[in-house]
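Following: one structure in structure tokens, then a few remarks.
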Amino acid sequence: MAAPPDMELSPTLSLELLPTDPLLLILSFLDYRDLVSCCYLNRRLNQLSSHDPLWKRHCKKYWLISEKEKNRRNQSWRAIFISTYSDLGRYIHYYATLKKAWDDLEQYLGQWCPRMISSLKESVREEDLDAVEAQIRCKLPDDYRCSFRIHNGQKLVVPGLMGSMALSNHYRSEDLLDIDTAAGGFQQRLGLKQCLPLTFCIHTGLSQYMALESVEGRNKYEIFYQCPEQMARNPSTIVMFITGTSYLEWFTSYVNKVVTGGYPIIRDQIFRYVHDKDCVATTEDITVSVSTSFLPELSSVHPPHYFFTYRIRIEMSKDALPENACQLESRYWRITNAKGDVEEVQGPGVVGEFPVISPGKVYEYTSCTTFTTTSGYMEGYYTFHCLYNKDRFFNVTIPRFHMVCPEFKVSTA
């Protein structure tokens with residue numbers, strides 16, 4: 001419907017005609033790409049888009065630049081953003097997440113595992129990563145490259161940055177490989193075609209690999225432990241226990257678990273025991289809690305043999321009366337696999353010991369079990385006798401704890 005001839009049309013409001021303050025406020029909500037685009041619209045927007053405080057948010061959001069770092073560089077926010085973008089621009093969607101993870105990890109290690117700090121290597125250059133791609137003739141994912149622009153893994157030392165595990169006759173500690181060592185272990189053999197090692201244990205030879213292409217039944221950038229398929233006719237057939245879907249997810253989820261106390265620190269090492277917060281039981285003054293871990297290097301899918309280790313903490317409340325001190329006499333286990341098959345185990349002590357528990361004291365030990373199914377659970381009780389009344393025996397509940405094998409798949413090599 002046409003407007004009456006006597007009705008005047010209101011003039012279109014042009015953005016650049018706004019007063020400076022509201023226009024700067026609008027520009028402060030733009031992403032860096034839109035802010036750059038504004039520079040090409042007209043002279044006024046070009047001038048306002050260069051207003052330095054507008055770039056402070058982007059420097060902090062994408063590059064984690066602090067006021068202290070800005071002062072050290074003695075540059076404007078805009079200049080810092082542009083110079084950093086020219087170096088790390090391809091990683092802008094990953095850098096802040098990975099830099100924060102590395103910063104959090106370093107801060108945590110400095111407090112709890114200081115000797116690990118000295119094993120970390122400095123960042124690599126962009127041309128170093130390009131040279132590795134040329135060497136292995138395969139593209140590296142940007143999140144992986146970004147992480148190595150921050151830290152080039154670690155030296156081959158013990159303990160390893162990516163966690164340890166120890167039993168009476170078995171020890172594993174995984175190092176995060178530097179880019180050159182990883183490239184030297186790049187696989188083209190059947191079963192591990194186009195797979196790059198991320199970690200390595202000098203005691204067991206165990207590695208976690210990242211698939212750089214979707215071949216042999218793997219998804220691109222999937223991360224896994226490899227396990228020989230013992231009953232396969234083809235010796236190159238392997239089973240892959242999946243540990244991550246991308247480098248970013250794999251690394252940041254591990255760091256988050258570490259810095260939030262999800263993994264215990266034992267003898268200045270990160271031990272990869274997973275603790276379920278609901279897996280705690282208190283009987284009288286004694287609390288029992290359990291954490292567990294799956295060991296791929298001791299497991300097999302065919303024949304089915306899934307190996308788990310568990311760590312038990314027994315603690316008496318510090319508020320308990322001194323006369324409540326007691327000694328562990330025996331243990332009872334009820335072990336159930338995924339098929340519902342039950343095995344009962346009873347015996348003296350734990351791992352050959354008969355620990356004494358008194359107010360405020362803690363006793364911890366590690367043991368292991370295997371299942372022929374991919375999951376199962378254990379529960380039971382300890383029998384204690386009182387030290388000041390040796391005729392008194394009582395049972396302390398061990399909470400039910402579940403053990404589940406991670407997702408796995410068989411290579412189609």
Practice task
Could you figure out which of (1) without any contact (Cβ under 8 Å) to a residue 40 or more places away in the chain; (2) open to solvent by 70 Å² or more (accessible area, probe 1.4 Å); (3) under 18 Å from Thr374 (Cα atoms); (4) touching a strand residue (DSSP E or B) at 6+ places or on another chain (Cβ under 7 Å) isn't true of Gln346?
Solution key: (3)
Practice task
Kindly list the number of the only condition in (1) surrounded by fewer than 16 Cβ atoms within 10 Å (Cβ to Cβ); (2) in contact (Cβ under 8 Å) with a residue 24 or more places away in the chain that fails for Asn324.
Solution key: (1)
Exercise for the section: Please find, among Tyr381, Tyr388, the residue that is open to solvent by 40 Å² or more (accessible area, probe 1.4 Å) and touching a helix residue (DSSP H, G or I) at 6+ places or on another chain (Cβ under 7 Å). Expected result: Tyr388
Exercise for the section: Go through segment 208-217 and give me each residue that's open to solvent by 10 Å² or more (accessible area, probe 1.4 Å) and either without any contact (Cβ under 8 Å) to a residue 60 or more places away in the chain or among the basic types (Lys, Arg) (or both). Expected result: Tyr209, Ser214, Val215
Exercise for the section: Can you confirm whether segment 236-254 contains a residue that is under 30 Å from Gln107 (Cβ atoms), in contact with a Ser or Thr (Cβ under 8 Å, 6 or more places away or on another chain) and of a type in the set (Val, Ile, Thr)? Expected result: yes
Problem - Residues of segment 350-386 satisfying the condition of being touching a Ser or Thr at 6+ places or on another chain (Cβ under 9 Å) and either within 30 Å of Ser300 (Cβ to Cβ) or of a type in the set (D, E, K, R) (or both) - result: Val350, Val351, Thr366, Ser367, Cys368, Thr369, Thr370, Gly376, Tyr377, Met378, Glu379, Gly380
Handout entry: Count of segment 172-204 residues which are out of contact with any Pro (no Cβ under 9 Å at 6 or more places or on another chain) and hydroxyl-bearing (Ser, Thr, Tyr)
Key = 2
Practice task
Quickly run through segment 319-357 and pick out the residues that are in a strand (DSSP E or B), over 21 Å from Thr282 (Cβ atoms) and of a type in the set (Lys, Arg).
Solution key: none
Exercise for the section: Report yes if Gly360 is without any contact (Cβ under 8 Å) to a residue 40 or more places away in the chain, at positive phi and not in a strand (DSSP E or B), otherwise no. Expected result: no
Fill in the blank from the handout: Picked from segment 244-256 (must be outside any loop (DSSP other than H, G, I, E, B) and open to solvent by less than 50 Å² (accessible area, probe 1.4 Å)), the residue farthest from Arg149 (Cα to Cα) is Gly244
Exercise for the section: Look through segment 286-317, keep the residues that are in a strand (DSSP E or B), among the polar types (S, T, N, Q) and open to solvent by 10 Å² or more (accessible area, probe 1.4 Å), and return whichever of them is farthest from His275 (Cα to Cα). Expected result: Thr287
Fill in the blank from the handout: The number of residues in segment 222-243 that are in contact with an Asp or Glu (Cβ under 9 Å, 6 or more places away or on another chain) and open to solvent by 60 Å² or more (accessible area, probe 1.4 Å) is 1
Problem - One residue from Asn395, Asn389 being over 30 Å from Pro303 (Cβ atoms) and in a strand (DSSP E or B) - result: Asn395
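Per-residue answers, yes or no, for (1) over 13 Å from the mean Cα position of the chain (by Cα); (2) outside the structural domain of Val124 (by the TED database); (3) not charged (D, E, K, R):
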{"residue": "Gly191", "(1), (2), (3)": "yes, no, yes"}
{"residue": "Val215", "(1), (2), (3)": "yes, no, yes"}
{"residue": "Lys220", "(1), (2), (3)": "yes, no, no"}
{"residue": "Gln226", "(1), (2), (3)": "yes, no, yes"}
{"residue": "Trp250", "(1), (2), (3)": "no, no, yes"}
{"residue": "Gly261", "(1), (2), (3)": "no, yes, yes"}
Handout entry: All positions within segment 24-56 that are touching a Leu at 6+ places or on another chain (Cβ under 9 Å), open to solvent by 40 Å² or more (accessible area, probe 1.4 Å), assigned to a helix (DSSP H, G or I) and over 20 Å from Tyr95 (Cβ atoms)
Key = Ile26, Ser37, Arg44, Pro53
Problem - Ser173, sole failed condition from (1) surrounded by fewer than 19 Cβ atoms within 10 Å (Cβ to Cβ); (2) in contact (Cβ under 8 Å) with a residue 12 or more places away in the chain; (3) of a type in the set (Ser, Thr, Tyr) - result: (1)
Practice task
With the condition kept exactly as written, say whether any residue in segment 319-341 is on the phi > 0 side of the Ramachandran plot, at pLDDT 95 or above and out of contact with any Pro (no Cβ under 7 Å at 6 or more places or on another chain).
Solution key: yes
Practice task
Only residues that are part of a loop (DSSP other than H, G, I, E, B) and open to solvent by 10 Å² or more (accessible area, probe 1.4 Å): list them for segment 179-192, please.
Solution key: Gly185, Phe186, Gln188, Arg189, Leu190
Fill in the blank from the handout: The residue that is farthest from Tyr171 (Cα to Cα), considering only those in segment 257-279 that are part of a loop (DSSP other than H, G, I, E, B) and out of contact with any helix residue (DSSP H, G or I) (no Cβ under 7 Å at 6 or more places or on another chain), is Thr260
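The values are calculated or read from the model by the stated rules, or taken from the named source; none is laboratory data. These figures come from a predicted structure and were not determined experimentally. Reconstructed Cβ throughout: ideal geometry from the backbone, glycine too, with neighbour counts over all protein chains shown. Ligands, DNA and RNA are stripped out before the accessible areas are found, and what is left, the full protein with its side chains, is counted by its heavy atoms. Shrake-Rupley method; radii C 1.70, N 1.55, O 1.52, S 1.80 Å.
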